[in-house]
Structures are given as C-alpha cells and as structure tokens.
Amino acid sequence: MSVASEVKTGFEFKPGLEGVPATLSSISYVDGKQGILEYRGIPIEEVALKSSFVETSYLLIWGELPTQAELAEFEHEIRYHRRIKYRIRDMMKCFPETGHPMDALQASAAALGLFYSRRALDDPAYIRAATVRLLAKIPTMVAAFQMMRNGNDPIQPRDDLDYSANFLYMLTEREPDELAARVFDVCLILHAEHTINASTFSARVTASTLTDPYAVVASAVGTLAGPLHGGANEEVIDMLEEIGSVENVRAYVDKCVAGKSKIMGFGHRVYKVKDPRATILQSLVEQLFAKFGSDKYYDIALELEKVVAEKLGHKGIYANVDFYSGLVYRKLGIPTDLFTPIFAIARVAGWVAHWKEQLGENRIYRPTQIYTGSHNAPYIDMESR
Ligand code: SDX
C-alpha cells in the first residue's frame, strides 16, 4: 500500500483555484487592485447611473447596448412572460413556509425545465426564449413564495410597471415610490455580473454539459446561497443587529480578529480595495435615508467599515458588494431572507450571458485532481473490521 503524493503528479494545487483562469470571457472585467469593474468594457459607475436593469441585461447577454427598438422589444417580451404557470404556483404552495426562499427559488427555477422542453442549443430562438423566461419569471417566483408563505395568494405581475417597480409591487400589492424603484433597479444593475465568481463558475460547469438553461440557473442559485458568497448580505444584517451599537463595534472586530472569524460583507478574492459596487450602494443608502429617514444600523456600519480598514486594511480587506445592499433592502421594507434571492434575480443576467458564451465555444469542464488516498488497499471482510 502506498500514499499518492503531490510531487508525483507534477501539478500545483491552488486551493479555491485562486488565480487559475477557468475561462476566456468578454462579459465583464475586474481590476481588484484599482477597484475597477466594467460590463462589456463600460465602467460600472456609468452603467449604474445611465442604464436600467433590463438594458444592462441586454448589454451583458447580447454583447452591446440595444437600440431603442431592440430595447423596447426586449422589455415587451419580458413583460409578456412574467406570469408563471398555475402548476408552478401549486408546486410552490406545497413548500414549507419555514423553508429558505433561496431553496424555494432553486427548486422553482429547476421546475421551469419541466414546463419548457429542451430544444436545440444552437437555435437562436430557443436561446432568446429561455433568456426572456428566466429574466421574466424568476422575480415572479421569488415574490410568489413570499406571498404564499404568509398565507396569501400571489400577486399577479402588472404589465404597466417596469421590471423593478413590478417586483416591488408583487411583494406588497402597492405601487412603489419612484425613488425606491430606481434605487432597487440600480441594485440589480450592480449585482448583475461579476466575472467568474463561484455561482457563475457553477453555471458554466453545468452549461458545459449541454443541459438545459433552467438547470444552469438552478445550480447557480444553489451556489449563490452560501454565506461566503451571496448569502453574506443576510448575515451582514444579523451581524449589525448582534453588534447593537456604535460603541460595541471595536470590541466586535477585536474578537473576530483574535478568533480569526470572518466579518461578513468584507474581503474579496479579487478586490484588495473597497469594492466599487459598495461605494455606489453606500450612495444609494444615503439617497434613501435622505428621503425616508436614517437607520441606526447605518451608523454601526460606518464605524465597522472604519475599524475593519484600520485593523485589516493591510490584508486588503475592505467592504464588498454584500455590505451595504442589505441596508438598502431594509429601508425598502424587504425581509432579510429575500436579500439573497434578490441577488439571484439580478445575477440571472450574468449567468445567462455566461451560459450563452460557454455554448459559443463549448468544451465540457473536466479538471483534474491530486489523489491523496492509498493504492492497492486490501478489502477487509466484514467480520474482520
Ligand atoms: C460575493 O467572487 C466574487 O466576485 C463574488 C461576488 C460576486 O459579485 O459574485 O463579489 C459576491 O460573494 C462577495 C463576498 C461575500 N462574502 C462575504 O462577505 C463573507 C466574508 N468574506 C470572506 O469569507 C472572504 O473574504 C471571501 C470568501 C469573500 C474571500 O475568500 P478568500 O479569497 O478565500 O480569502 P480567505 O478566506 O482565504 O482569507 C484570506 C485572509 C485570511 O487571513 P490569513 O489566514 O491569511 O491571516 O484574509 C482574511 C482571512 O482570515 N479574511 C478575513 C475576511 N476575509 C478574509 N478576515 C476577517 N473578515 C473577513 N471577511
């Protein structure tokens, strides 16, 4: 019996595949040292200021900004496909109301594959239809689960409302304030795409098997849910609640540093400076507070950001996208466990763009491993174990 060693393989193992290119992509670009993010080459600050989420999705998925006519057609298709089949609603009604909305979303996204049969992946009409269905129906499913877990019927989408206003409407049956809807739309833009992050990697691996796009999105939703990835936005709010007051911040950070525990909403594999999305989100928080009043958690968050920079800035640990997004959603009255599903609603654009790009030059993902087990081990009979 012998033990395999790394030396024998000649491969270097990089935990978490840090720094290992997993694909070629022209969808987005990140410079982690300078804090730059671009969608199809356009700085995120420009996109956030000037675009809408639907237009941004078009840009990411089709590679360029749409003309007015192209955008109008895309918006129309998405509005037209917002409704979900009653059987999907009935299926969701059977989900336990105590279940996490991300699990409900993963199951519902996968269920779309039952209703919309798989067609040739080289058929542009199929790619277009699946893209539209995913963008149109995922928000409806998130809102429907929210209503049904509270014992209410789902609220039907309203064709006269744009993407974000309609989602907020389906959560409350009230037309949202204009600023609230615009701020929410910008949040979706900021979360739409981020190179080869964990959930997008998951989407590309699934896509590379040539399975259907609903399975691609369902696998990505499952990956996004974890607290080291999209799930961190919920944990940030729990953390701010636990800290409780500005005076407690320093002791909290000291405890985390001493215990080597992670401070949620901070740190990033690529960014070694403040995430540019966090800077924009912070300005959105301030716009909302100026109109609707402040939140005591914001003062705690500001102090936390200051103390973390002081204690962990030398390691390149600064606020990431998940740090301020929760404060925006809280101000909009959205329950904490919907924060990650909202991240998923936005990231559908990026996942679909990567699905399409993967299909363009597909080769199944099949990396290697470095075996660390034994060889020629004896099979021990049951009575001898
Ligand atoms: C997202 O990849 C993407 O692009 C993701 C994303 C996207 O848009 O798709 O940007 C969205 O997922 C944002 C990240 C959300 N997660 C969190 O906020 C959870 C808290 N952050 C971390 O757990 C961590 O920073 C990660 C998961 C984000 C990154 O992990 P890495 O690159 O594997 O880094 P690591 O855990 O190996 O840490 C390296 C060092 C360690 O210190 P040392 O042992 O070297 O002394 O940095 C420290 C860590 O202890 N560290 C932290 C920390 N993050 C890293 N210390 C305290 N608090 C933190 N948050």
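The values are calculated or read from the model by the stated rules, or taken from the named source; none is laboratory data. None of these values were measured; they are calculated from a predicted model. Neighbour counts run over all protein chains shown; Cβ positions are idealised from the backbone, glycine included.
Filter region 229-242 down to the residues that are of a type outside the set (Gly, Ala, Ser) and in contact (Cβ under 8 Å) with a residue 12 or more places away in the chain and list them by number.
229, 233, 234, 235, 236, 237, 238, 239, 240, 241
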Any hit, region 336-357, residues being farther than 19 Å from residue 193 by Cα, within 11 Å of the ligand (Cβ to nearest atom) and basic (Lys, Arg) = no
Number of the condition not met by residue 311 [criteria: (1) basic (Lys, Arg); (2) within 16 Å of the ligand (Cβ to nearest atom); (3) within 21 Å of residue 191 (Cβ to Cβ)] | (3)
Considering region 70-86 alone, what residues qualify as being within 12 Å of residue 141 (Cα to Cα) and assigned to a helix (DSSP H, G or I)?
-> 86
Number of the exception - residue 29 against (1) away from the ligand (no atom under 14 Å from the Cβ); (2) in contact with a strand residue (DSSP E or B) (Cβ under 9 Å, 6 or more places away or on another chain); (3) aromatic (Phe, Trp, Tyr) = (1)
Here are some conditions: (1) over 26 Å from residue 101 (Cβ atoms); (2) buried (at least 16 other Cβ atoms within 10 Å of the Cβ); (3) within 9 Å of the ligand (Cβ to nearest atom); (4) not aliphatic (A, V, I, L, M). Residue 318 meets all but one. Which one does it not meet?
-> (3)
Of all residues in region 243-261, count the ones that are free of Cβ contacts under 8 Å to residues at least 24 places away in the same chain, charged (D, E, K, R) and within 15 Å of the ligand (Cβ to nearest atom).
-> 2
Name the residues in region 189-230 that are within 16 Å of the ligand (Cβ to nearest atom) and of a type in the set (Gly, Ala, Ser), would you?
-> 192, 198, 199, 202, 203, 219, 220, 222, 225, 226, 230
By residue number, the members of region 303-329 that are aliphatic (A, V, I, L, M), under 25 Å from residue 341 (Cα atoms) and part of a helix (DSSP H, G or I) are 321, 327, 328
Enumerate the pairs (first residue in region 183-212 and touching a residue at least 24 places away in the same chain (Cβ under 8 Å) and among the small types (Gly, Ala, Ser); second residue anywhere and outside any helix (DSSP H, G or I) and within 16 Å of the ligand (Cβ to nearest atom)) with beta-carbon separation below 8 Å, excluding pairs fewer than 6 apart on the same chain, so at least 6 apart or on different chains.
-> 192/39; 198/226; 198/228; 198/229; 199/229; 199/230
Which is of a type in the set (Ser, Thr, Tyr), surrounded by fewer than 20 Cβ atoms within 10 Å (Cβ to Cβ) and under 20 Å from residue 343 (Cα atoms), of 200, 279, 209?
-> 279
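Rundown of residues vs (1) surrounded by fewer than 17 Cβ atoms within 10 Å (Cβ to Cβ); (2) without any contact (Cβ under 8 Å) to a residue 12 or more places away in the chain; (3) not assigned by TED's automatic domain parsing to the domain that holds residue 270, yes/no style:
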residue	(1), (2), (3)
33	yes, no, yes
48	no, no, yes
73	yes, yes, yes
82	no, no, yes
87	yes, no, yes
108	no, no, yes
114	yes, yes, yes
119	yes, yes, yes
129	yes, no, yes
